[in-house]
Amino acid sequence: MSDISARTEMSSAYVHVMETTRIDTRPWRRKPPAETLSEHRIEFIEAQPMFFVATAAAEGTVNMSPKGMDTLRVLAPDRIVWLNLTGSGNETAAHVAANNRMTLMWMSFGTTPIILRAYGTATVVHPRDEMWDELAPLFPDFGGSRQVFDMTLDRVADSCGTGVPTMSLEADRGLTELEPFYKKMTDEQLNGFWERKNSTSNDGLPTHIFGL
């Protein structure tokens with residue numbers, strides 16, 4: 001077992017990505033759009049070290065956030081759940097509460113020139129919610145875990161990724177910088193941070209991190 005998996009109990013798929021210097025090297029052929037994920041596309045998702053999430057309310061700013069670490073699970077061809085860790089903002093939760101549309105995107109930084117997008121709707125699960133006890137154990141016990149997003153897909157499509165540069169993965173700063181920062185906080189300190197930084201969006205929308 002690698003140092004990464006031993007320290008954080010990462011999934012085998014994520015450990016493989018972290019230990020592979022050149023990612024997703026097997027040949028890929030673009031597929032037509034579909035309503036659900038094929039096994040081939042699920043394999044592509046699992047081979048990527050990060051993803052992007054885009055959300056927007058009816059008005060105001062459109063948000064796109066990069067997400068990394070071992071925080072995403074494909075539970076079914078039409079269902080993805082991902083763990084949201086604490087950060088300096090909380091835009092996604094505010095947007096989904098106001099408008100449940102969500103888009104996820106993966107792009108290969110290896111030799112496979114593919115961009116993959118999944119479109120659908122999502123719900124927010126907070127630690128106080130009943131579904132938390134079902135979904136949170138799917139992920140490592142990361143400090144600062146604040147929500148799980150449960151997404152139902154209605155469209156999946158890939159596009160050409162030849163404009164994306166080829167890069168090698170060197171390290172995951174989330175494991176060495178972000179997660180330890182929140183892990184050392186007490187519950188009181190973390191709640192204080194949420195109150196200051198995570199209670200509303202940039203446009204003043206409520207995130208409901210402390211309830212309705």
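The values are calculated or read from the model by the stated rules, or taken from the named source; none is laboratory data. Predicted, not measured: the structure shown is a model, and the values here were computed from it. Don't worry about glycine lacking a Cβ; one is built from the backbone with ideal geometry, like all the others, and counts go over all protein chains shown.
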Verdict on residue 36 being assigned to a loop (DSSP other than H, G, I, E, B) and touching a Pro at 6+ places or on another chain (Cβ under 6 Å): yes
So in the stretch 31-57, with the set limited to residues that are surrounded by 14 or more Cβ atoms within 10 Å (Cβ to Cβ) and not hydrophobic (A, V, I, L, M, F, W, C), which one is nearest to residue 204 (Cα to Cα)? 55
Checking residue 168 against (1) surrounded by fewer than 14 Cβ atoms within 10 Å (Cβ to Cβ); (2) free of Cβ contacts under 8 Å to residues at least 40 places away in the same chain; (3) in contact with a Lys or Arg (Cβ under 7 Å, 6 or more places away or on another chain): exactly one of these is not met. Which one? (2)
Can you work out which of the residues in the stretch 154-209 that are acidic (Asp, Glu) and farther than 30 Å from residue 58 by Cβ is farthest from the chain's Cα centre (by Cα)? 188
From the set of residues in the stretch 13-30 that are modelled with pLDDT of 70 or more and surrounded by 15 or more Cβ atoms within 10 Å (Cβ to Cβ), which is farthest from residue 115 (Cα to Cα)? 15
I'd like the full set of residues that are farther than 17 Å from residue 85 by Cβ, outside any helix (DSSP H, G or I) and not hydroxyl-bearing (Ser, Thr, Tyr), limited to the stretch 172-207. 202, 203, 204, 205, 206
The residue from 103, 112, 123 that alone is at pLDDT below 95, outside any helix (DSSP H, G or I) and either among the polar types (S, T, N, Q) or in contact with a Leu (Cβ under 9 Å, 6 or more places away or on another chain) (or both) is 112
Is the stretch 70-92 home to any residue that is in a loop (DSSP other than H, G, I, E, B) and in contact with a Cys (Cβ under 8 Å, 6 or more places away or on another chain)? no
Taking the stretch 127-151 as the region of interest, how many residues are over 10 Å from residue 83 (Cα atoms) and either touching a residue at least 12 places away in the same chain (Cβ under 8 Å) or touching a Phe, Trp or Tyr at 6+ places or on another chain (Cβ under 9 Å) (or both)? 8
If a residue has to be aliphatic (A, V, I, L, M) and more than 21 Å from residue 70 (Cα to Cα) to count, how many in the stretch 32-48 make the cut? 1
Do you know which of the residues in the stretch 110-162 that are surrounded by 15 or more Cβ atoms within 10 Å (Cβ to Cβ) and β-branched (Val, Ile, Thr) is farthest from residue 190 (Cα to Cα)? 112
Using the structure shown, decide if residue 195 is of a type in the set (Asp, Glu) and closer than 27 Å to residue 9 by Cβ. no
